[in-house]
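The values are calculated or read from the model by the stated rules, or taken from the named source; none is laboratory data. Keep in mind that this is a model prediction, so the values were computed, not measured. Calculation scope for accessible area: heavy atoms of the full protein, side chains included, ligands and nucleic acids excluded. Shrake-Rupley method; radii C 1.70, N 1.55, O 1.52, S 1.80 Å.
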Amino acid sequence: MNQDLKEFLPILIQIHNQTYQNISHHDLNFRFLISENFLYAFVSKIDCEKFSSVYTFDEKIGNYETRFYVYENSFESERYFDLKNLHALQNEFKAIICDDFYYLNAKFRKANGELKLEKINTIYANDIEFLDQSDLIFLKEIGFIIEEPEPTTE
């Protein structure tokens, strides 16, 4: 895992724990989606392995045994992860969305070769515009964003 990213993970765990003080904080999962200019990290207690085509691996972060998922259709994921010896697990459910009420999402921008934390999103501060506008076409093409069809007029 990229060293810059590795340094941010304990901070995200700490923010998650402070935000959701009333739940158990062990066994957190990290999902990563990478676009050309951004890295999105999704922290959750729910295991979403079967709902997306992902590379998966386990790693200890501080005192936490943590499962990591990297979306297979991310843009140049090798910038942040060494996935050479891993095989992507394929999505088993095409129409189910895996969502956690106690989530924490983080958006990082790649600037001058470094990751810069740009925004954090939680249930308490849910920013509808969390995903960067420059990524919308890419995210629609890879099926991360699914637009609802326009209502039909009869």
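Couple of notes before you dig in:
- Added length on full extension, which subtracts the Cα-Cα distance from 0.36 nm per residue, E147 to N85: 18.9 nm
- Given the choices (i) 15.7, 59; (ii) 20.1, 68; (iii) 14.7, 45, Rg and Dmax of the Cα atoms in Å derived from the coordinates of this structure is entry (i).
- The angle separating the long axis of helix 3-19 from the principal Cα axis of greatest extent in the chain is about 80 degrees.
- Computed from phi, the 3J(HN,Hα) profile of region 139-152 under the Karplus parametrisation 6.51, -1.76, 1.60 (θ = phi - 60°) reads 5, 6, 4, 8, x, 6, 10, 10, 7, 6, x, 5, x, 7 Hz, with x in place of Gly and Pro.
- By accessible area, using a 1.4 Å probe on protein heavy atoms only, the chain has 48% of its surface on carbon and sulfur.
- Residue-normalised accessible area of the chain, expressed per residue, 1.4 Å probe, Å²: 61 Å²
- Once all protein chains are placed together, D132 keeps about 30 Å² accessible to a 1.4 angstrom probe.
- Ellipticity at 222 nm from helices only: DSSP H runs of n ≥ 4 in the chain, each -39500 (n - 2.57), divided by the residue count, give -4500 deg cm²/dmol.
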